[in-house]
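Written below as structure tokens is the structure these notes are about.
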Amino acid sequence: MDPALLAALAEAADALPEWAESLAPGDRLDGDLALDEREFAALDALLRDRFGADLGALRAGLGPDGLSALTVGDLAELVRR
């Protein structure tokens, strides 16, 4: 996993960096990590700034099932584009 992506996740979740080290690609952002809308907004801003990636656009294109299935691996793919 990209250390910069993990650092962005930890920052957005207001968690210690060690928290992000335990994340796996299959971890769901809402179900497993319990990110709330404030944290998603912070993560969107961080990903735009650091990677030029648009999490908001990705989320806008997903229905409720897609939103609940969004994973850390999906973020990794988004920042690789």
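Just a few scattered comments:
- Per residue, the accessible area of the chain comes to 55 Å² when a 1.4 Å probe rolls over the protein heavy atoms.
- Carbon plus sulfur fraction of accessible area for the chain, probe 1.4 Å, in percent: 52 percent
- Using C-alpha pairs under 8 Å with a sequence gap of at least 6, the mean separation divided by the residue count of the chain gives a relative contact order of 37 percent.
- In Å, descending, principal axis extents of the Cα set of the chain: 32, 25, 22
- The chain, dipole about Cα centre (Lys/Arg Cβ +1, Asp/Glu Cβ -1), debye to the nearest 20: 320 debye
- Amide H contacts for Leu33 (H built 1.01 Å from N in the peptide plane; partners 5 or more residues away or on another chain; cut-off under 5 Å): Arg28.
The values are calculated or read from the model by the stated rules, or taken from the named source; none is laboratory data. Note that the coordinates shown come from a computational prediction; the quantities given were computed from them, not determined experimentally. Cβ: placed from backbone, ideal geometry, glycine included. Neighbour counts: every protein chain shown. Accessible surface areas use protein heavy atoms only, side chains included; no ligands, DNA or RNA. Shrake-Rupley method; radii C 1.70, N 1.55, O 1.52, S 1.80 Å.
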